[in-house]
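Computed from the coordinates by the stated procedures, all read-outs in this text should not be read as laboratory data. Computed from a prediction, not measured in an experiment: that's the story for all the values here. In this analysis, Cβ positions are derived from the backbone assuming ideal geometry, glycine residues included, and neighbour counts consider all displayed protein chains.
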Amino acid sequence: MNKKKHIFTFFLSVIFFTYWLFPAGESSATTLKDIPPQYETELNYLISKGIITGYPGGEFRPNQPVTRAQAATMVGRALELDGTNRQTPFTDVALGYFASGYITSAYEKGIILGDGKGNFRPEGQLTRLEMAYIIVRAFNLNDVSSVNYVDMPANAEQSAAINKVTTAGITNGAPGNLFKPNNSITRVEFSLMLARALNDDFKVNKEPKETDKSEQPKVPQQPEQSTPSTAVTKVVTASFLNVRSGPGTNYNVVTVLKNGTEVQVTGKTGNWYSINLNGKIAYVSANYIADKPVQKEPVQNEPPAQNKPPVQNGNERIIAVDAGHGDHDPGAVGNGLEEKDITLDVAKRLERYLTNGGYKVIMTRSDDTFVELDDRVKFAEDNGADIFISIHVNSFDKTSANGTETYYYNGGSKTTESKQLATFMQTRLVEALETRDRGVKTAGYRVIKANPRPATLVELAFISNSSDAEKLGSETYRDKAAYALYLGVQDYYKWLDK
Ligand SMILES: [Zn+2]
């Protein structure tokens, strides 16, 4: 897309988005005409927070179905996710689409998923079951109790989601002890669930529990007072970096910073930097923060780095994607799964994300065939691959071993690049899969050791661990893994182009 057209599309989308947020004729937030009086408190609460808005003419239209794009937008506003329009991982959601930012943010956080084939169906109606899934993921609901609707789905994962939203006091189903999982959810139903998720005062069937206080989310520990004079200016290297209320991915995201944003780092807790965010302390993963680069002399005839598409020397960047094992070599086996199938599926999904993102992808195998390790490296070499990503899953005798780890070879000519690539992959995978972070490690695995290009080998999770294996067996998690690897590639080139 040329730049002018790009800017034009951007402004069009800003106009459209602004209109959608603040429809004409809506003079004040609390003038929506058709709000059902019994839900006035909940709905006005959401209106006051800017989470729901009306249609032109000041209508709320309570009984209209919610589309998946609207749902992503409302949840995104509720969680204060980044709503900036941008390229999405879905073929049916264009950058200029009003909800492209919130859809991408919600997808990155694993709150809303696509269909596993690259589609989001933004205009599709949201079912009550889908809403349950979204609320469970968005608000990290884990508690279950004895919940049994007449029409509870037989599928364990589906009934668990319905159980969790009910247990959390976010819904009590429909009359007749029904949940109606496949019905479209209406704007008023959606809004009520969101209000209850956000504010305990609105919960239904709320039973006072002794443990209420102790179950409050942990208050992030404040680091020792650091004076502003000790703050160091650093820059964000990820495309979008989550800023959290505490030093860990279990803390809430308070805002998102874009690539290149300068931050004032005041201290370090583990692998997390504390930063000064408008006078308050917030936290960011140290993996995506770098020292402020020294300003380079602009090279003639070269566009500034920020505008550079993922190309190198005028050519497409070539990514070698290596699905581990194949054919008579199943790799690790466990919990009814074989490594070779998982690695191939993730590799194919990664291939699609990378291709959509403008990269050229070469696959060491794209079906159930056996390729020798040295031939995988040679294939990358012969095709001029820029980087090499080998996908594997882990296994161990002790079934309790679990988590994600990523390897690079320490000793090759591209050790610095390989380590950086591995680090980006690891961080993205752990965040997406919600697995234990076993860290970035070094090893002399053939496909990375023999490789003269930056190379990494990811061990997505343990096939021998039941909880990890559940994720490896799930299409949605394999898609999340692929998207995480894609984001890792993006992070890597952002870093490299600095
Ligand atoms: Zn393997």
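The 3J(HN,Hα) values that the Karplus relation (6.51, -1.76, 1.60; θ = phi - 60°) gives for region 174-185 are, in residue order, 10, x, x, 6, 10, 10, 6, x, 8, 6, 5, 8 Hz. Gly and Pro appear as x. Along region 132-139 the Karplus relation, 6.51 cos²θ - 1.76 cosθ + 1.60 evaluated at θ = phi - 60°, assigns HN-Hα couplings of 4, 4, 4, 5, 4, 6, 5, 10 Hz to successive residues, with x for each Gly and Pro. Between PHE139, THR88, ILE47, the Cα set farthest toward the positive side of the dipole of region 32-166 (charges on each charged residue's Cβ, about the Cα centre) is that of THR88.
Taking all pairs of distinct Cα atoms, average 1/r, flip it, and tell me the Kirkwood hydrodynamic radius of region 371-498 in Å to one decimal place. Before the final figure, lay out the partial values.
Details: mean 1/r = 0.0677 Å⁻¹.
In region 371-498 this quantity evaluates to 14.8 Å.
Phi angles across region 424-431 convert, under the Karplus curve 6.51 cos²θ - 1.76 cosθ + 1.60 with θ = phi - 60°, into 3J(HN,Hα) values of 4, 4, 4, 5, 5, 5, 4, 5 Hz, Gly and Pro given as x. For region 461-494, trypsin sites (Lys or Arg not before Pro) meeting the loop criterion (DSSP other than H, G, I, E, B) and having at most 14 other Cβ atoms within 10 Å: none.
Protection proxy ranking of 112-122, 146-156, by the mean of other Cβ atoms within 10 Å over each peptide's residues and highest first, is 112-122, 146-156. Remark: THR476, THR435 ranked as THR476, THR435, counting other beta-carbon atoms within 10 Å and listing the fewest first. Put a plus charge on the Cβ of each Lys and Arg, a minus charge on the Cβ of each Asp and Glu, and nothing anywhere else: the dipole of region 428-498 about its Cα centre is then about 420 debye.
Legend: calculated FRET efficiency, ARG86 to THR355, from the Cβ-Cβ distance at R0 = 22 Å, rounded to 0.05, equals 0.75. Look at the alpha carbon pairs under 8 Å that are at least 6 residues apart: their mean separation over the length of region 228-291 gives a relative contact order of 37 percent. Put in order of Cβ neighbour count within 10 Å, fewest first, the listed residues GLU108, GLU80 become GLU80, GLU108. This model, with +1 at the C-beta of Lys and Arg and -1 at the C-beta of Asp and Glu, gives region 336-438 a dipole about its Cα centre of some 340 debye. ARG121 sits among other residues whose Cβ lies under 15 Å from its own Cβ, and their net charge, with Lys and Arg +1 and Asp and Glu -1, is -3.
Of the cross-linked pairs LYS234/LYS471; LYS109/LYS348; LYS117/LYS360; LYS268/LYS494, those separated by over 26 Å at the C-alpha level are LYS234/LYS471. Over region 306-496, Cα pairs under 8 Å with separation of 6+ residues give a relative contact order of 27 percent.
In what order do LEU354, LEU198 fall by count of nearby beta-carbon atoms within 10 Å, going from fewest to most?
Fewest-to-most ranking of LEU354, LEU198: LEU198, LEU354.
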